[in-house]
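Asks: If you scroll down you'll find the structure; I have some questions about it.
Values quoted throughout were computed directly from the atomic coordinates according to the rules given, and no laboratory measurement underlies them. From a predicted model like this one, the values you see are computed outputs, not experimental measurements. Quick reminder, even Gly has a Cβ in these numbers, built from the backbone with ideal geometry, and neighbours come from all protein chains shown.
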Amino acid sequence: MKAFGKVHKYGDNVDTDVIIPARYLNTADHKELAAHCMEDIDADFVKNVKEGDIIVANQNFGCGSSREHAPIAIKASGISCVIASTFARIFYRNAINTALPILECDEAVKNIDNGDEVEVDFDTGVITNKTKGQTYKAQPFPDFMKEIINAGGLLKSLKK
Amino acid sequence: MGMTMTQKILAAHAGLDKVEAGQLIKCKLDMVLGNDVTTPVAINEFEKAGFSGVFDGSKISLVMDHFTPNKDIKSAAHCKQCRDFASDMGVKNYFDVGDMGIEHALLPEKGLVAAGECIIGADSHTCTYGALNAFSTGVGSTDMAAGMATGEAWFKVPSAIKFNLTGKLNEYVMGKDVILHIIGMIGVDGALYKSMEFSGDGLKNLSMDDRLSMANMAIEAGAKNGIFAFDEITKAYQDGRVNRPYKTYEADKDAVYDAVYDIDLSKIKSTVAFPHLPENTKTIDEVGEVKIDQVVIGSCTNGRMEDLEMAAKILKGKHVAKNVRCIVIPATQKIYLEAMKKGLFEIFVEAGCAVSTPTCGPCLGGHMGILAKGERAVATTNRNFVGRMGHPESEVYLASPAIAAASAVTGKISDVSEVL
């Protein structure tokens, strides 16, 4: 499986309140949530994001509230993958459980700039920066997590 | 190599004699929690996956606390969905307006969580129950759905940071100040993926309300869980609340920690976290002139009896500053009733405070005290992220109930000494 898209880059400690503000948590509808994705950190995100695009961020992405509405909004907005130096642990679980592909790769984060075009190969963990002609290697998932992602999320893997 | 408190509880719930940091395990759950924001997403997933029943109706708690009393039609629909699910599935611990409380104050109060148990909740502050010597951690709605269906969850066994507490807090300094001090010291990802384990001789000087507010904010340091050693204070709290047998756990003498911090409680000063991260802490003497528009005293962090008593002690016979709104929110119905009987409401209302029924409300910018552009609040809550309490250009300063009450009187962030 591969992802390819333009990068939307953010800094440290992107919290789930800015990914999807609580004022929109009165709905669980994926499309409605996507319409407000990243609203309090990047008001133009929804306007600019295209199917397949990639979010790249520094340390502790997804910290704060456990709201699964955050990975849901990101995925429904068209984002194909999130690459960060580190993820907050609940967001990490939620992304795996909802089959939103995420990768930890500090080297990629340090070298990728906003607007770069990037390809991600999930089988090998190789991230290719097409704009800069560089490649980076991310940590592959443990097999157990790969099974959850390949099944399409935790509940689907439990039902197997 | 020995195990930490957390590792021992996880091993026991995985049916293993021994676990090591980094190991992936599956644990049996003693309680699965959700609220009115996270449960609807869990129910959708639960139903979509085709599950028809829950593992144990007595080990699931659904608490309608975030947008209740319902703030709009959509929130009302969410609560209705939860209510119907609880009824259909035989979920015994369903708490709605009139008997609810903020989940992390309510579950310990009702004895639904206890020492040695393994608990997940679809709310990040589920780590609160570590104050009781339990392993409890926040998860998302899908984990909650899986937990409700199977009674199990997967975990990566965490390593730990140990906090060895000694000494005694000074007057008007609270558990909240200790945890803000610690987050300021180690940062918002200082305990990422790890346990924060609290023990030491100083524990005997920390009340259960102090411990609950400290464990509550372990997540603000990125921790998987916070946990306190069990002692006479824990036992006294659980007596009469927990009517089932429970086990207590202490760390092995040779348990290995990533770091050990010695914290002398007598050296901790009142601490304030500036926008927009809980790690941006300053002690009260470093704060300077910060004018405020609103004060919120409440939340799963600081809406308990001792918190309200502290605020009342400071507000008694005084008045909230002109153009400042002070909102007091007792965390549960029981606390509400006790505060009323003790005359605290009279003090608050005479001081010009609004007293609300229990709700998470303003803490997450839901309702009951939203900030306009450019406004500032001092809050006893747990997060001061961008837009947390309202407009993205509003500001939240985190503090103890003592500092919040004093600040309400002066209209700027103030130490208690400025008003007493």
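Asks: Go ahead and run the numbers for FRET between A:Lys160 and B:Thr283, Cβ-Cβ distance against an R0 of 60 Å, rounding to 0.05.
Replies: So the FRET efficiency works out to roughly 0.65.
Asks: Mean separation of Cα pairs under 8 Å and 6+ residues apart, divided by the residue count of chain B: what relative contact order is that in percent? Before the final figure, lay out the partial values.
Replies: Values: 1077 pairs, mean separation 72.8, N = 420.
With pairs under 8 Å counted, the relative contact order is 17 percent.
Asks: Can you tell me the Rg and the Dmax, both Å, for the Cα atoms in region B:1-74?
Replies: Reported Rg and Dmax, both Å: 17.1, 55.
Asks: A further question on this structure: Under the √(5λ) rule applied to the eigenvalues of the Cα gyration tensor, what semi-axes describe the equivalent ellipsoid of the protein assembly as shown? Give them in Å, descending. If you can, show how the numbers build up before the last one.
Replies: On the way: eigenvalues 244, 148, 117 Å².
Ellipsoid semi-axes (Å, largest first): 35, 27, 24.
Asks: Turning to a different aspect of this structure: If you restrict to DSSP beta bridges whose two residues both lie in the protein assembly as shown, what percentage is antiparallel, to the nearest 5? Working shown, then result.
Replies: Details: 24 of 82 bridges.
Just about 30 percent of them are antiparallel.
Asks: With each pseudo-label sitting 7 Å past Cα toward Cβ, what's the A:Glu51-B:Ser87 distance in nm, one decimal?
Replies: Simple spin-label model gives 4.2 nm for this pair.
Asks: Further, regarding this structure: Please give, to one decimal in nm, the separation of the simple spin-label points placed at A:Asp106 and B:Glu350, each 7 Å out from Cα toward the Cβ.
Replies: 5.9 nm
Asks: At A:His30 and B:Leu16, where each label point lies 7 Å from the Cα along Cα→Cβ, what is the point-to-point distance in nanometres?
Replies: Here the answer is 3.4 nm between the modelled labels.
Asks: Between the alpha-carbon centers of region B:230-282 and region B:366-406, tell me the distance in whole angstrom.
Replies: 25 Å
Asks: Do any cysteines of chain B lack a neighbour Cys whose Cβ is under 4.7 Å away, and which are they?
Replies: Cys with no partner Cβ under 4.7 Å: B:Cys27, B:Cys79, B:Cys82, B:Cys118, B:Cys127, B:Cys300, B:Cys360, B:Cys363.
Asks: Can you give the charge dipole size of region A:1-135 about its Cα centre, rounded to the nearest 20 debye, using +1 on the beta carbon of Lys and Arg and -1 on the beta carbon of Asp and Glu?
Replies: Working: 14 positive and 21 negative charges, 33 e Å.
With only Lys, Arg, Asp and Glu charged at Cβ, the dipole is about 160 debye.
Asks: Specify, per residue and in Å³, the volume enclosed by the convex hull of the alpha carbon atoms belonging to chain B. The partial results should precede the final answer.
Replies: Numbers: hull volume 53.4 nm³, N = 420.
So the per-residue hull volume is 127 Å³.
Asks: Let me ask something additional. Towards the positive end of the charge dipole of the protein assembly as shown, with charges on Cβ (+1 Lys, Arg; -1 Asp, Glu), say which of B:Val355, A:Ala43, B:His125 has the farthest Cα.
Replies: B:Val355
Asks: Could you please state, rounded to a whole Å, how far the C-alpha centre of region A:31-63 is from the C-alpha centre of region B:149-206?
Replies: When both Cα centres are located, 32 Å separates them.
Asks: Shifting gears a bit: May I ask you to compute the full-extension gain from A:Asp44 to A:Val126, defined as 0.36 nm times their residue separation minus their alpha-carbon distance, rounded to one decimal in nm? Can you show the working numbers first?
Replies: On the way: separation 82, 0.36 × 82 = 29.52 nm, distance 2.92 nm.
Full extension of this stretch gives 26.6 nm more.
Asks: Moving on to the next point. Suppose we take every Cα in region A:30-120 and form the convex hull; what volume per residue is that in Å³? Could the numbers behind the result be given before it?
Replies: On the way: hull volume 8.4 nm³, N = 91.
Taking the convex hull of the Cα positions in region A:30-120, it is 92 Å³ per residue.
Asks: Arrange B:Thr380, B:Thr357 by Cβ neighbour counts within 10 Å, fewest through most, would you? It would help to have the intermediate numbers written out before the result.
Replies: Numbers: B:Thr380 29, B:Thr357 16.
Ordered by Cβ neighbours within 10 Å, fewest first: B:Thr357, B:Thr380.
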